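J.: Shown below is the structure under consideration.
The values are calculated or read from the model by the stated rules, or taken from the named source; none is laboratory data. Owing to the predicted nature of the structure, the values given are computational and were not obtained by experimental measurement. All Cβ positions, even for glycine, are placed from backbone atoms using ideal geometry, and neighbour counts span all protein chains on display. We work out accessible area using only protein heavy atoms, side chains counted, and drop any ligands, DNA or RNA first. Shrake-Rupley method; radii C 1.70, N 1.55, O 1.52, S 1.80 Å.
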Amino acid sequence: MKKLLLPIFLMTFFAIKTSAQTTPKYGAYLGINSSNMSFSGDGISIKGNSVAGLRISGMAELPLTEQISVMALPGISMKGSKLVGEKVSLTYLDLPIYGVYNYDIGPGKALGGVGFYVGFALSGKSGGEKIDFSKNGDAIKRTDAGANFLLGYELPDLGVKVLLTLSPGIASISDDSDVKVKNSSFGIGVAYLLKR
């Protein structure tokens, strides 16, 4: 988690420094996630079955050049998995940040981006029972972190972006040092620019 603080600070500093010379864009995003969890420990690795969930977020984009921008999609993301008939559901407050490159194609722009996310679990259930995130609880951390990849297409005249996202978890959300539990998700959604 600490290793992510430096890139977050540098990107924020750079964005603030250049904001006086650029016009930020703001909007809203609505999408669907297909998420899963992987479990590993004692030489055993298990992956659950994917579950679907919503992602609702705001969107802020700061152009740095005509083709490069920094984009953030802070919002609520539903994640989880099914394993041996038991469903795990987790609701996160996520902050994904992307460095985005766009290229003019046809009436719009093709988008590609890479970045990272940090997340904070707001609630969760396992097998219908509420997850206790306390130190003496169900041994699941509130914090999550991982990489982000993005592909999309923007129609500037309409203020619409169609986005495909892939977010493999890097940090383990297990409090047990002998067990690694990681989130991963694939999403598709639409962003609408309110200010452009």
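J.: How big is the charge dipole of segment 78-196 about its Cα centre, in debye rounded to the nearest 20, if each Lys and Arg gets +1 on its Cβ and each Asp and Glu gets -1 on its Cβ?
T.: 180 debye
J.: Answer rounded, prolate or oblate for segment 44-154, using the Cα gyration tensor with square roots of eigenvalues a ≥ b ≥ c: rounded when a/c is under 1.5, else prolate when a/b is larger than b/c, else oblate.
T.: Prolate.
J.: Same structure, new question: Which of these, T91, T23, T165, has the largest mean-square fluctuation under a Gaussian network model of the chain (Cα springs below 10 Å)?
T.: Largest GNM mean-square fluctuation: T23.
J.: Estimate the FRET efficiency between D132 and I46 by the formula 1/(1 + (r/R0)^6), using the beta-carbon distance for r and 25 Å for R0, to the nearest 0.05. Intermediate values should be presented prior to the final figure.
T.: Values: r = 23 Å, r/R0 = 0.91.
Taking R0 as 25 Å, the efficiency between D132 and I46 is 0.65.
J.: Next question, about the same structure. Given only helices, namely DSSP H runs of n ≥ 4 each adding -39500 (n - 2.57), what is the per-residue ellipticity at 222 nm of the chain, to the nearest 500 deg cm²/dmol? Present the calculation step by step, with values, prior to reporting the outcome.
T.: On the way: 1 runs with 14 residues, N = 196.
Only helices count here, giving -2500 deg cm²/dmol.
J.: Placing +1 at every Lys and Arg Cβ and -1 at every Asp and Glu Cβ, with all other atoms neutral, what dipole size does segment 135-196 have around its Cα centre, in debye to the nearest 20? Please list the in-between numbers first.
T.: Working: 8 positive and 7 negative charges, 44 e Å.
Roughly 200 debye for segment 135-196.
J.: Using a cut-off of 19 Å between alpha-carbon atoms, which aspartates and glutamates can reach K161, once sequence neighbours fewer than 8 places away in the same chain are excluded?
T.: E61, E66, D104
J.: Taking Cα atoms, how many degrees apart are the long axis of helix 5-18 and the longest axis of the chain, rounded to 10 and kept between 0 and 90?
T.: Relative to the chain, helix 5-18 is tipped by roughly 20 degrees.
J.: What does the charge count near Y98 come to, summing +1 for each Lys or Arg and -1 for each Asp or Glu among other residues with Cβ under 15 Å from its Cβ?
T.: So the environment of Y98 carries a net charge of +1.
J.: Quick one: net charge of N49's neighbours, Cβ under 13 Å, K/R +1, D/E -1?
T.: Cβ neighbours under 13 Å give a net charge of +2.
J.: Same structure again: When Cα extents along the principal axes in Å is calculated directly from the model, which label among (i) 125, 41, 25; (ii) 50, 31, 28; (iii) 61, 41, 28 fits?
T.: So the structure-derived entry is (ii).
J.: Moving on. Given a Förster radius of 41 Å and the C-beta distance between K125 and T23 as r, what FRET efficiency does 1/(1 + (r/R0)^6) yield to the nearest 0.05?
T.: Given R0 = 41 Å and the Cβ-Cβ separation, E is 0.45.
J.: For K25, K141, K130, write out the residues from largest to smallest accessible area, computed with a 1.4 angstrom probe and no ligands counted.
T.: K130, K141, K25
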